[in-house]
Each structure stands twice: as C-alpha cells, then as structure tokens.
1. Got a sec to turn the phi values of the stretch 250-262 into Karplus ³J(HN,Hα) couplings, 6.51 cos²θ - 1.76 cosθ + 1.60 with θ = phi - 60°, whole Hz, x for Gly and Pro?
2. I'd like the Karplus ³J(HN,Hα) series for the stretch 369-376: coefficients 6.51, -1.76, 1.60, θ = phi - 60°, whole numbers in Hz, and an x wherever there's a Gly or Pro.
3. For the stretch 2-425, what is the percent of antiparallel DSSP beta bridges, rounded to the nearest 5?
4. Return the long-range amide H neighbours of residue 384 (sequence gap of 5 or more, or a different chain), with a cut-off of under 5 Å between placed amide H atoms.
5. Count neighbours as other Cβ atoms within 10 Å of each site's Cβ, and list the trypsin sites (Lys or Arg not before Pro) in the stretch 163-240 that are DSSP loop with at most 12 such neighbours.
6. For the chain, what is the charge dipole size about the Cα centre, in debye to the nearest 20, if Lys and Arg each add +1 at the Cβ and Asp and Glu each add -1 at the Cβ?
7. Across the stretch 133-145, in residue order, what do the Karplus-derived ³J(HN,Hα) couplings come to in whole Hz, using 6.51 cos²θ - 1.76 cosθ + 1.60 with θ = phi - 60° and x for Gly and Pro?
8. GluC sites (Glu not before Pro), restricted to the stretch 82-154: which are DSSP loop and have at most 12 other Cβ atoms within 10 Å?
Amino acid sequence: MLEKIGAGRVLLLVAFGLFILAVFALPTNPNAEDWALDNRLDDGATEGCSKDPVLPAATSAPLPGATKVLERPDKVYAGVFQLPPEAQGNRVFENAGGTNPPILFTFHDFLNEENTTSIPDRTFDDPMEGDSGLSPLEYAKDLWEDDTVLAIAWAVYCCNWYEADFWKRLLPPHRNFQDILEGKHDAFFRQTARKIKENGVPIMLTTVPEFSWQGEFGFGPEGNAWMDDVDNICNHYGDPAWPDGPERVRDLYRHIIDLFREEGVTNVTWFMYAASNYMVASVDGQSQWLHPKFYYPGDEYMDWVGQSVYFTHPSWNTKSDEPPLDFDTALSDGYKAWQSVTDKPIFLPEFGADAGPGVDRSVHMAEVLTEKLSNYPRVKAFAWADSELYASIYGIPQLGHDPNERDAWSRHVGNAYRFSEKVKTSQ
C-alpha cells in the first residue's frame with residue numbers, strides 16, 4: 001500500500017512526525033502567558049499589532065438554497081480519516097468497526113510540499129493517492145450512495161518539509177499563499193468549482209490543513225518568512241494591526257470561497273481546522289498571535305471549524321523522554337479559543353489514539369467516546385484516524401486489529417444514541 005501513495009508522502013509524515021516529537025518533548029512552562037514562539041520574536045516585532053482587531057466586512061454572501069452538512073444538536077458524527085483513501089473506504093471501515101461513517105476525511109493536495117513551480121499538482125479529475133483509482137469527484141459520488149459525505153483537504157502547503165535546509169532556514173517557505181491572493185490560480189479554482197457544481201453531491205472542503213502551523217510561515221512582504229524571522233509581524237501585508245500569516249490564511253479562504261460563489265457552487269460545506277495541541281502556550285509553534293480570531297474569515301464563510309486531536313494515555317507511554325499528551329491537553333485550549341470566536345460546530349477531522357503496536361486502546365477509547373468527549377458539547381463531528389499508512393508510520397493501529405477495540409467502538413459508537421451514522425443536510 002505504501003508504495004501506491006508515493007515516497008514523498010511517507011517522507012513528509014516521517015519528517016513531520018519527528019518535528020512533532022521534538023515539540024512534544026519540550027519542557028512544560030506553567031506560565032500560561034509565556035508563549036513559546038513569542039519568546040523568540042525580535043524586540044518591536046509586535047509594534048502596531050492589535051490583540052482585538054476588527055474583522056473586515058465580508059466580500060460576498062452565502063448563496064441561497066445551498067446544500068450544507070448541518071450539525072445534529074443531540075448527536076455527533078463519528079466518521080473516519082483515511083490516508084490514502086481506500087476503494088469503498090466507508091465499507092472497509094464499517095467491516096472493521098461495525099458502523100458506516102457519515103463523513104470520510106482524506107487529502108488531495110493541489111500545491112504539495114515539494115512543488116516549486118506554482119503549477120497545481122492535481123485537479124479534481126485526477127486520481128487520489130492510493131490504489132482506489134478514483135478521482136475526488138468519483139469518490140464523492142460513490143460515498144454519497146452509501147450516505148457518506150467526502151470531506152477533503154484540497155491542500156496547499158507553505159513549506160517543503162522534506163529538505164533539511166528548510167529546518168536550517170536556508171530554504172525559505174513557499175510563496176503559495178501570496179500567489180493565490182494575487183489571483184495566479186483563479187482559473188484553476190473556477191474550473192474546479194464548476195466541476196464540483198456539476199458533480200452535484202454534497203462535499204466538505206478545506207484548503208489549508210492544520211492552518212495553525214502553516215500560518216507561522218506566512219509572514220514578511222512575500223508571505224514566505226518564518227514568524228520569528230521578521231522585524232514586524234503585522235505591517236508587511238494588509239491591515240497593519242493584524243498578524244500577517246493568519247491574515248493571509250484568512251484572506252485565502254475568503255478569496256477561494258468568493259470564486260466558488262461567483263461560479264454558483266451550492267454543494268460545498270466549508271471547514272477549517274488547526275493542529276493538535278492548538279493554543280497550548282508551552283508547546284513550540286504556539287503564539288497568542290496565532291489565535292483563531294486572526295485566522296477566521298467570518299461566519300459568512302465557514303460552516304464548521306475545528307482542529308486535529310491526537311492523544312495518548314500515560315499507561316501507553318513507552319519512551320521516558322516523550323511526556324504523554326492526554327485527550328484534554330490536546331483539545332481543551334483550542335476548543336476554548338474557538339468558543340471565543342464563533343458558535344459554529346466543531347469538527348475534529350484528524351482524531352486518533354496514539355498507542356503504538358500491541359497496545360489495547362479499548363478502555364481509554366471507551367472513556368474518551370463516552371465521558372471525555374461529552375465535556376466538549378460543541379464537538380459535533382470527528383474522523384477517526386484509521387489507515388495502513390498511519391499504522392505503519394505513527395503506530396496508530398487500524399480499528400479492526402484488536403477485537404477489544406472493535407467491540408468498544410461497536411458498543412460505544414454503533415449502539416449509542418448520541419452518535420449518528422447519517423449526516424443531516426440543509427436540502
């Protein structure tokens with residue numbers, strides 16, 4: 001399976017995994033205001049920045065009669081995250097866990113990490129990663145026949161994580177965000193919008209996966225500088241009171257959604273999501289200037305918001321130099337931050353229990369699904385990380401490998417009233 005997705009994706013996951021492990025190993029600072037990234041900013045780098053800037057007026061309005069994936073007030077959508085997506089992936093997951101996922105989340109990059117040509121890598125007619133042989137358009141139709149909505153990270157990336165020179169700061173981030181804002185890919189976006197419209201079935205889209213870490217590299221006049229490498233984080237783009245990296249991500253979403261609206265697309269549900277451990281002050285890469293209020297394009301543009309949640313349990317930890325990240329640590333600060341910005345429902349598109357091979361996750365899975373998740377009532381959907389790739393690279397086992405886990409999922413998701421196997425749409 002791994003050779004079918006290309007060496008690049010595997011290398012990216014390995015490199016990013018090492019980066020995440022390094023971040024997690026940092027000592028915890030008890031001072032909640034002592035933001036890890038902010039400590040590295042130059043003197044005067046925040047001069048003129050406002051902690052409470054005014055969101056500019058929307059430049060377009062939602063189209064009437066749109067078909068949107070809606071929250072169910074008393075239920076949670078228990079979906080699946082597959083990378084790469086499998087042919088009939090919803091049925092594969094149903095065979096393993098006993099439930100049909102109402103949402104299947106995956107990736108289809110259009111400007112990937114290694115792309116330096118500024119020419120999109122894939123259209124929606126091109127096959128997705130893996131061996132399904134299906135394009136996103138075909139896959140969305142196949143899933144919808146079984147009442148599953150395709151949620152896809154139609155992804156643009158800020159940086160080439162593969163190259164050691166990037167981490168040494170010898171290779172700058174890409175200029176992709178700025179190119180999009182300057183309209184260089186408008187024809188591509190319009191063409192894709194028309195194809196999605198013609199396809200007819202509902203689809204969920206995001207374009208900057210885990211925006212919180214990507215925005216860190218969108219600073220400077222060209223939008224391709226590290227946040228802690230610029231003389232001022234707010235006065236090189238747009239509103240001089242607004243941090244430039246998040247402002248570019250905000251405007252990128254507005255720009256693309258405006259184009260889709262101009263093309264009359266009414267079958268897309270838009271979402272955006274941050275990385276796991278979002279807004280945990282002591283974690284490297286976190287900053288008060290990367291708060292969701294600076295990224296958020298407004299309620300007129302987003303239907304769902306959220307973040308990744310990768311969690312473990314102290315009893316699962318096998319490496320003494322890697323402090324475990326429990327479920328609440330991974331989610332709570334980001335959840336509170338989102339609550340301060342919008343009432344939109346929360347979607348956790350990358351949701352996984354990281355235990356490593358041979359560990360029975362069933363007891364803690366049950367605790368998270370039945371008790372802990374209920375403490376976050378705005379979480380209305382998640383996609384359980386379940387793929388051969390994640391099992392191979394990150395040690396996140398697939399659900400069917402352990403009968404205890406399968407039984408836990410079946411009992412606490414399949415037979416529980418609060419989890420839904422079918423999405424509710426506005427049309």
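1. 4, 6, 4, 4, 4, 4, 5, 5, 4, 5, 4, 5, 5
2. Ordered by residue, 3J(HN,Hα) equals 6, 9, 10, 5, 4, 5, 7, 10 Hz.
3. 10
4. 79, 80, 81
5. 168, 169
6. Once rounded to the nearest 20, the dipole reads 1140 debye.
7. Computed from phi, the couplings for the stretch 133-145 are x, 9, 7, x, 5, 5, 5, 4, 5, 4, 5, 5, 4 Hz.
8. Counting only loop positions with at most 12 other Cβ atoms within 10 Å, the GluC sites (Glu not before Pro) in the stretch 82-154 are 145.
FYI, it's all coordinate maths here, none of it is from the lab. Given the structure is predicted, the values throughout are model-derived calculations rather than measurements. Here the Cβ is made from the backbone with ideal geometry for all residues, glycine too, and neighbour counts use every protein chain on show.
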